[in-house]
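Read through the structure below, which is laid out as structure tokens, and then see the notes.
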Amino acid sequence: MSGGFDLGGRRVWVAGHRGMVGAAVCRRLAGEDCTLLTVGRERLDLRDQRAVLDWMRDQRPDVVVLAAARVGGIHANDSQPAVFLYENLMIEANIIEAARQTAVERLLFLGSSCIYPRLAEQPIRESSLLTGPLEPTNQWYAVAKIAGIKLCQAYRRQYGCRFISAMPANLYGPGDNFDLTTSHVLPALMRKIHEAAERGAETVEVWGTGRPRREFLHVDDLADALLFLLRHYDGEEPVNVGTGEDIAIADLARTLADVVGWSGRIVYDPGKPDGTPRKVMDVSRLADLGWTARIGLTEGLASTYAWFRSNSGTLRQSRPVVVPAA
Ligand code: GDP
């Protein structure tokens, strides 16, 4: 480990800048003395190795934040396994190899807490990686993300590339996906409860039993942690980024009902999967480096709900699945 990498004057490519994470990293970088590089999917297909290499040769980033990924909640993951595995493998392999070829100084790869074994000891330490079977509902995404971590480690060992990886907890915040079939639980419940309040409905349906526990991190906290890691961390091991605190889905639903101001009844649909029973990360590695989360859940939910209310007219209703040409 070493510290003090200076972002000043660097060309920083945020791959995936339209996603919730990428957009938060761009907001965070806006106050830094660096040149921000972004490119939309209509101009660069990240699944195309040649195109990625040509673009990087042309743009010469010094730093890459690899936040581009096919992401989705428990249902999307479970129902589109090939898309989740193929697209994520291609995106990360193409960018990491092109970063080596174009001598990128630092690359930060974004993983996820779902890479850890389904029944990992809680709170989950980074050392739990590959110590047990994965949660079946998101194994496709997890396998691709584990490959990305291993690529960073392999390129560090074989080529001396200073590539690192960070594993965020379940994220939420402005720019989240509020489509009920593909989203994660927090935006889904925020939208369902908001719409119930608008319609005057007395019940809201929550998938599963309400008993699973999850850790939620505001995406602005994540963006701050990622810049911290780029500056102060240069090691092979992934670093967990979270609050270190979890909440049962049933309690999340009640907290959201308070934030929205809806006093109806929550009903559970045990026909839908619970997924991993508990997911909370040990964040002591990051705390020892000197960073801890600042945005509490109630405060983060309130500000995200305010964002949702002022943007709900323009939110994407659904995300088309991109099927690669044969
Ligand atoms: P996970 O962390 O990979 O399991 O992803 P999710 O955020 O999609 O789901 C977390 C938990 O919330 C699971 O137990 C889901 O069954 C539960 N859940 C309850 N209601 C919903 C909902 O409306 N949408 C989603 N995505 N999950 C829900």
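The values are calculated or read from the model by the stated rules, or taken from the named source; none is laboratory data. Everything numeric here is computed off the predicted structure, so don't read it as measured data. Cβ sites come from the backbone with ideal geometry, for glycine too, and all protein chains shown count toward neighbours. In case anyone asks, the SASA skips ligands and DNA or RNA and just uses the protein heavy atoms, side chains included. Shrake-Rupley method; radii C 1.70, N 1.55, O 1.52, S 1.80 Å.
Worth pointing out:
- Single match in Glu205, Glu198 (criterion: more than 30 Å from Leu108 (Cβ to Cβ) and away from the ligand (no atom under 12 Å from the Cβ)): Glu198
- Checked against the criterion of being open to solvent by less than 20 Å² (accessible area, probe 1.4 Å) and touching a Lys or Arg at 6+ places or on another chain (Cβ under 7 Å), region 43-61 contains one or more residues that satisfy it.
- Top-ranked residue of region 107-155 - restricted to ones that are under 22 Å from Asp48 (Cα atoms) and among the charged types (D, E, K, R), ranked as most open to solvent (accessible area, probe 1.4 Å): Lys150
- Test: residue in region 269-278 that is more than 15 Å from the ligand (Cβ to nearest atom), modelled with pLDDT of 95 or more and not in a loop (DSSP other than H, G, I, E, B): no
- Given (1) buried (at least 22 other Cβ atoms within 10 Å of the Cβ); (2) away from the ligand (no atom under 16 Å from the Cβ); (3) within 23 Å of Ala142 (Cα to Cα), index of the condition Glu97 fails: (1)
- Residue check for Asp221: away from the ligand (no atom under 16 Å from the Cβ) and under 21 Å from Tyr305 (Cα atoms): yes
- Test: residue in region 303-320 that is modelled with pLDDT of 95 or more, part of a loop (DSSP other than H, G, I, E, B), surrounded by 19 or more Cβ atoms within 10 Å (Cβ to Cβ) and in contact with a His (Cβ under 8 Å, 6 or more places away or on another chain): no
- Some residue of region 237-248 being in contact with a Lys or Arg (Cβ under 7 Å, 6 or more places away or on another chain), closer than 26 Å to Ser310 by Cβ and within 13 Å of the ligand (Cβ to nearest atom): yes
- Test: residue in region 23-33 that is more than 16 Å from the ligand (Cβ to nearest atom), free of Cβ contacts under 8 Å to residues at least 12 places away in the same chain and basic (Lys, Arg): no
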